[in-house]
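Input: a single structure, listed below in structure tokens.
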Amino acid sequence: MDKIKDTRSFMRVTHRYLGYFLAGIMAVYAVSGVLLVYRDTDFLKKEKKYDKVIEKNLDEKALGKELKIKNLEVEKTEGGVLKFKQGTYDQATGHAKYSKKELPFILDKMTRLHKSQSKETLSPLNTFFGISLFFFVISSFWMFNPKTKAFKRGMIFTVAGLAVAIILLLV
């Protein structure tokens, strides 16, 4: 019985203080997650103009990659100058003049939390956060005595949440 009480106590205390520690991180992830839902729109984005020299003689695909413009389409070419919706690129000189709609600096940095890869500096934070959230899932089952009505009702909500997530993944 003492071992069960010790485990419950450990889970509850760790859940509590880890929750306080992660509150700020969770707020940032929540805001950035909502922003990412609308990444295909111009919501909160401002137009930023660029004028720079890049590698010469790029084709359409390489130009899009270099300028970080998804689905860049050249509308026409006049004398070695590629014209696309966002601007122009002179293949002979490498001069690119274009505009992009981007989130303000701090919001852009926040959305990168969700998009970081293992090679980036944010990856340890993302890994820690993911593991912590998984711990929250597991430790929440130690918040109430399994014999209580609250625990049994909680299990119904857990199954319902899991079912909704699976259904939405499959749709």
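The values are calculated or read from the model by the stated rules, or taken from the named source; none is laboratory data. In this text, all values refer to a predicted model and were calculated from it rather than measured experimentally. Please note: Cβ atoms are built from the backbone with ideal geometry, for glycine as well, and neighbour counts cover all protein chains shown. Accessible surface is based on the protein model in full, side chains and every heavy atom, while ligands, DNA and RNA are left aside. Shrake-Rupley method; radii C 1.70, N 1.55, O 1.52, S 1.80 Å.
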Theoretical ellipticity at 222 nm over the chain - DSSP helices of four or more residues, -39500 (n - 2.57) apiece, nearest 500: -18500 deg cm²/dmol
Derived scalar couplings ³J(HN,Hα) [the stretch 69-86; Karplus, 6.51 cos²θ - 1.76 cosθ + 1.60; whole Hz; x for Gly, Pro]: 10, 5, 6, 4, 10, 6, 7, 6, 10, 10, x, x, 9, 7, 10, 10, 3, 8
Per-residue SASA entry for Ile167, accessible area with 1.4 Å probe, Å² rounded to 10: 100 Å²
For the chain: relative contact order, % (alpha-carbon pairs under 8 angstrom, 6 or more apart): 25 percent
Among (i) 8, 22, 24, 19, 12, 9, 5, 1, 0; (ii) 8, 26, 30, 23, 10, 2, 0; (iii) 9, 37, 40, 14, 0, the entry derived from the coordinates for P(r) over Cα pairs in 10 Å bins from 0, in percent: (i)
Neighbour count of at most 13 Cβ within 10 Å plus DSSP loop: longest trypsin sites (Lys or Arg not before Pro)-free window in the chain: 1-38
For the stretch 134-148, Karplus couplings with θ = phi - 60° (6.51, -1.76, 1.60), whole Hz, Gly/Pro x: 5, 4, 4, 4, 5, 5, 4, 6, 9, 6, 10, 5, x, 7, 7
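With a 1.4 Å probe and all protein chains left in place, how much of the accessible area of the stretch 12-101 comes from carbon and sulfur atoms, in whole percent?
In the stretch 12-101, the share of accessible area belonging to carbon and sulfur is 53 percent.
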Surface per residue (accessible, 1.4 Å probe) for the chain, Å²: 75 Å²
³J(HN,Hα), Karplus 6.51/-1.76/1.60, whole Hz, each residue of the stretch 6-21, x for Gly, Pro: 5, 5, 4, 4, 4, 4, 5, 5, 5, 4, 4, 6, 5, x, 4, 4
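Which entries in the list Lys52/Lys119; Lys56/Lys85; Lys46/Lys115; Lys49/Lys115 go over 22 Å, if you measure between the two C-alpha atoms of each? Can you show the working numbers first?
Numbers: Lys52/Lys119 27 Å; Lys56/Lys85 20 Å; Lys46/Lys115 20 Å; Lys49/Lys115 24 Å.
Exceeds cut-off: Lys52/Lys119; Lys49/Lys115.
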